[in-house]
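Since the structure comes first, as C-alpha cells, the remarks are kept for the end.
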Amino acid sequence: MTEPHPSPVQVGLIGSGFVADFYMAGLNEVPGARAVANYSRSAERAAEFGARYGIPSQYTEIADLCADPEVQLVVIGLPNHLHLEAIRTAAEAGKAIVCTKPLARTGEEAAEIMRIVREAGVMHGYAETEVFAPNVVRAREMIEAGAIGKVLTVRAREAHSGPHAPHFWDADLAGGGALLDMGCHTIEAARYFFGKDDAPTEAFAWGATMSHADKTTAEDNAIALVKFAGGGMSITEASWSAKGGMELRNEVTGTDGRLITDSAATPVWGFISNPVGYIVEKADAETGWVYPLPEEAYSYGYTHEMRHFVECFASGQTPRETFADGYVVNCVLDACYRSMKSGVWEPVQIDASVTR
C-alpha cells in the first residue's frame, strides 16, 4: 500500500502508437484521471497525439516527461525492448507506473524490473487487459460462486493476421513471436481462472513460422500447454495467420459445467460495399462482410484496467495486477520457448523472492 493521492490523478502517457490510443480511450472514461503529458520520439507525432486528446504537454525524451512535476502516474505503451529502461527512468523519478503487456522479453528482464520498482517503492500495475475484460471478469465471478465446480482446463485462442508495427516482427527486439505477443494474454487469463494460488509448474510448446517467413524469424503460430499445481491444464493457441480481425476466446471447463468468453463477439455485423474507416482491430478488409465491435476499448478491458489503476493510486491500494504477475507470465513463456527447442516438458522456474 502507498500513500493515497487526491483526484484527479495526473497521467503521463509514454508512447503514441496503436495501444496508446486504446489507453487514452480507457482513460477518457475515468473521471478521476487527467492526461497532462505525452511522449513520442517524434516531436510531430507527439504534438499530433496531444492535440487529438487535448493533452497540454508534449515531450520527446522520457526523462523529461518523468521529471514533469505535474505527472503522478506514467502509463507505458512502448515496444517490448524499451520497457526496462522506461520503467527505470520513471521509478527513479518516483512516479507510479503502469506498463503494457508483456512486461518484459524474458523472466530475467522482468526480475530486474521488479527489483527496480521494489527499491523505488513506487506503485506498479501490469496492464493485462484480458483479466479486466467484462466478460472474463464475469466468468471469474461465476467460478468463484461455484457455477462450474473445480476448474479443470482453460482453452484459449488469440489470433489475427499479424502485427501492425515493424518492431513486433523483429524477434531480437520483441523477445519472441506470436506466443510472446498473444500468449501472454491467455496465460494470465488461465492464472485468473484457476486462481493465482494455483501455480504453473511445467510447459510444453510448439511453434513455427508458417505464413510470414518474409517478415520474421520468430514463430507466427504456436500452441502451448501449461500444467498447474492443482492438476489443471491451460491450452493456448496463438496465431498471426488468421484473416478477418481479432479472435479472443476462452473456454473454461470445470467438473460441473463450462463457461465461454469471446471478447471479439459483436452484436453488429453486415455486408458493406463502401469503406467507412476503422472497423475493428486487425480487420484486414474495409468492405464485404464486416464485424465492427462497439466500445472496443471497453470490451477488451482497457477502460476497466485504467479505472482500476487510477483508483488504486488515488486510494493508496495495491493493484490486483502488478509487475509480479507480469514476471510470472514471462517465466511461463520462458519455459514454453525452452520447450520449443528441447521438444520436452520444461519446468516453470519462478523465483519466489521476486514475487514477494
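Net charge near ARG191, counting Lys/Arg +1 and Asp/Glu -1 over other residues with Cβ under 9 Å of its Cβ? It would help to have the intermediate numbers written out before the result.
Details: positive: LYS196; negative: GLU188, ASP198, ASP325.
Here the count lands on -2.
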ask   = To the nearest 20 debye, what charge dipole does the chain have about its Cα centre, counting +1 at the Cβ of each Lys and Arg and -1 at the Cβ of each Asp and Glu?
value = 480
ask   = Cα gyration tensor of region 169-248, axes a ≥ b ≥ c as square roots of the eigenvalues: rounded (a/c below 1.5), prolate (a/b > b/c) or oblate?
value = prolate
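Show that you can apply the helix-only estimate: for the chain, add -39,500 (n - 2.57) for every DSSP H stretch of four or more residues, divide by all residues, and state [θ] at 222 nm to the nearest 500.
Details: 13 runs with 124 residues, N = 356.
Dividing the helical sum by the residues of the chain leaves -10000 deg cm²/dmol.
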inquiry  = Apply the a/c threshold of 1.5 to the C-alpha gyration tensor of region 132-214 and tell me whether it is rounded, prolate or oblate.
reply    = prolate
remark   = The local net charge around SER339, scoring Lys/Arg +1 and Asp/Glu -1 for residues other than SER339 whose Cβ lies under 14 Å from its Cβ, equals -1
ask   = Which whole-Hz ³J(HN,Hα) couplings does region 244-254 yield from phi under the Karplus relation 6.51 cos²θ - 1.76 cosθ + 1.60, θ = phi - 60°, glycine and proline marked x?
value = x, x, 5, 10, 8, 9, 10, 10, 9, 9, x
inquiry  = Mean-square fluctuation check for the chain, GNM, Cα pairs under 10 Å: which of THR100, THR186, THR253 is largest?
reply    = THR253
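Based on the alpha-carbon gyration tensor of region 273-351 and its eigenvalue square roots a ≥ b ≥ c, which shape applies: rounded if a/c is under 1.5, prolate if not and a/b is larger than b/c, or oblate? Could you put the intermediate results ahead of the total?
Working: a/c = 5.46, a/b = 1.31, b/c = 4.17.
Judged from the Cα gyration tensor, region 273-351 comes out oblate (a/c at least 1.5, b/c at or above a/b).
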query = Tally Lys/Arg at +1 and Asp/Glu at -1 over every other residue whose Cβ is under 14 Å from the Cβ of ALA218; what's the total?
reply = -3
inquiry  = Below 16 Å, Cα to Cα, which lysines can LYS196 reach? Residues fewer than 8 away in the same chain don't count.
reply    = LYS150, LYS227
note = Most fluctuating of GLY207, GLY149, GLY162 in the GNM of the chain (C-alpha, under 10 Å) is GLY149
inquiry  = Between GLY257, GLY17, GLY277, where does the largest GNM mean-square fluctuation fall for the chain, given springs only between Cα atoms within less than 10 Å?
reply    = GLY277
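Coordinate-derived values only; no laboratory data. Fair warning: this is a prediction, and the values are worked out from it, not measured in the lab. As a convention, Cβ positions derive from the backbone with ideal geometry for all residues, glycine included, and neighbour counts pool all protein chains shown.
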